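Heads up: the structure comes next, in structure tokens.
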Amino acid sequence: MTDQDQFHTALLNLGGRVPDAMLAEARLRLADTGTVPLPEPESTVELAFTFAASQPGGKRAFSGQAPPLTDMAGRVGLMDGPDQAAVRAAEQQPGAVALWRSWRIAPEWAASVIPPAPVYVVETTGPLAGTAAAIMRTLAAIGITAPLVEVYPTGGKLAPYTAAARNSSALLWVDRDTEPLRIARVFDVVDDAGARFGPEHERLSGDDLAQVAAYLDAGSPVLATTSRMTDVVEPGRGQVVPATYRTDGRWLWPESVAYYLREYGLAPQPEFTGHIRSCGRLLPVTDPADEHRALAVLFQSHAVVPAP
């Protein structure tokens, strides 16, 4: 890690603890000069900011309760001017991987002097300070004062402020294809009589079963739960079927898929099984953007509608 990167990390840890203008000025100075003076710890104040994926009182609303995060990657029509500008800037940064935007909300006692503000979070394998400065300058050019841009390295540990912003945000851009994730179907039939597998359902065994099961187990958990469901093949077993969701960045599936495969040899739905087989011995590897997109599917983030 270079000296500049160390200073950048120190500034990440000051997010939400020093005035926005001071932090913005420090980040630009670091990008331009490679160094920056840091405030003394006793001069910082940590406010209890909260974060939201959508702008409080904004021009867009949700058909139901607003989800905690959304996926707007590739959906330019759902973005306002600053978001579009941030996307254009991120696309031009070497090594940029993903861009999120969250709305920072001050505690009630400070809300009259600290209005809600967008916080942009960027993951990159490229230059940290330079990426932050480039996106900040793009936002400043369209009228945003003291732009809030948090840039962290791929694989790096996020500062609590940065993590809180990313965890309640809209994913705006990723450096890859953003085709819709598919949710794997578990059962062949679900009707008033319940859920069940058809008599012609494919069954796996031996190495084929082991390979598919290993792939399912290697998916990243994105919605963990200790809840269990009833085994529909042998209801007498009781509530033993796990319900946590996993993803490989292309598909999203409940752990019940792996359960029925291991216990009864019942294969995942044909398209999903074909996808797994096409990967050979490769196991899934995901990143925060993949996991965010999967969660957004589960939270039905596509339900954005114009506010009345």
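The values are calculated or read from the model by the stated rules, or taken from the named source; none is laboratory data. Keep in mind that what you see is a predicted model, and the values were worked out from it rather than measured. Cβ placement follows ideal geometry from the backbone for every residue including glycine, while neighbour counts extend to all protein chains displayed.
Odds and ends about this structure:
- Scanning segment 138-183 for residues that are surrounded by fewer than 20 Cβ atoms within 10 Å (Cβ to Cβ), under 16 Å from ALA96 (Cα atoms) and among the basic types (Lys, Arg) turns up just one, ARG176.
- Of all residues in segment 237-279, exactly one satisfies the criterion of being among the small types (Gly, Ala, Ser), under 26 Å from VAL174 (Cβ atoms) and part of a loop (DSSP other than H, G, I, E, B), namely GLY249.
- Some residue of segment 85-107 being modelled with pLDDT of 95 or more, crowded, with 23+ Cβ neighbours inside 10 Å and among the acidic types (Asp, Glu): no
- Screening the candidates ALA31, ALA53, ALA21, ALA26 for the property of being under 22 Å from the mean Cα position of the chain (by Cα) and either of a type in the set (Gly, Ala, Ser) or within 14 Å of LEU128 (Cβ to Cβ) (or both) yields one hit, ALA53.
- Single residue of segment 24-57 satisfying the filter (part of a loop (DSSP other than H, G, I, E, B) and of a type in the set (A, V, I, L, M, F, W, C)) that is nearest to VAL121 (Cα to Cα): ALA53
- Of all residues in segment 40-66, those that are hydroxyl-bearing (Ser, Thr, Tyr) have Cβ atoms under 7 Å from Cβ atoms of residues that are modelled with pLDDT of 85 or more and part of a loop (DSSP other than H, G, I, E, B), 6 or more apart or on another chain, in THR44/LEU14; THR44/ARG17; THR44/VAL18.
- In the set (1) part of a loop (DSSP other than H, G, I, E, B); (2) at pLDDT 95 or above; (3) more than 15 Å from the chain's Cα centre (by Cα); (4) not aliphatic (A, V, I, L, M), GLY155 fails one condition alone, (3).
- Pairs where the first residue, in segment 75-96, is among the small types (Gly, Ala, Ser) and the second is assigned to a loop (DSSP other than H, G, I, E, B), C-beta under 7 Å, 6+ apart: GLY81/ILE142; ALA85/ILE142; GLY95/THR125; GLY95/GLY126; ALA96/GLY126; ALA96/ASP175
- Failed criterion for GLY265 (all others in (1) small (Gly, Ala, Ser); (2) surrounded by fewer than 21 Cβ atoms within 10 Å (Cβ to Cβ); (3) under 29 Å from the mean Cα position of the chain (by Cα) hold): (3)
- Sole exception among (1) more than 17 Å from ILE144 (Cβ to Cβ); (2) at pLDDT 95 or above; (3) surrounded by 12 or more Cβ atoms within 10 Å (Cβ to Cβ) for PRO67, by number: (2)
- Flag if ARG101 is assigned by TED's automatic domain parsing to the domain that holds ASP20, within 22 Å of HIS292 (Cα to Cα) and free of Cβ contacts under 8 Å to residues at least 24 places away in the same chain: no
- Segment 188-236, residues that are among the small types (Gly, Ala, Ser), within 23 Å of ALA294 (Cα to Cα) and either without any contact (Cβ under 8 Å) to a residue 60 or more places away in the chain or outside any helix (DSSP H, G or I) (or both): ALA213, GLY219, SER220, ALA224, SER227
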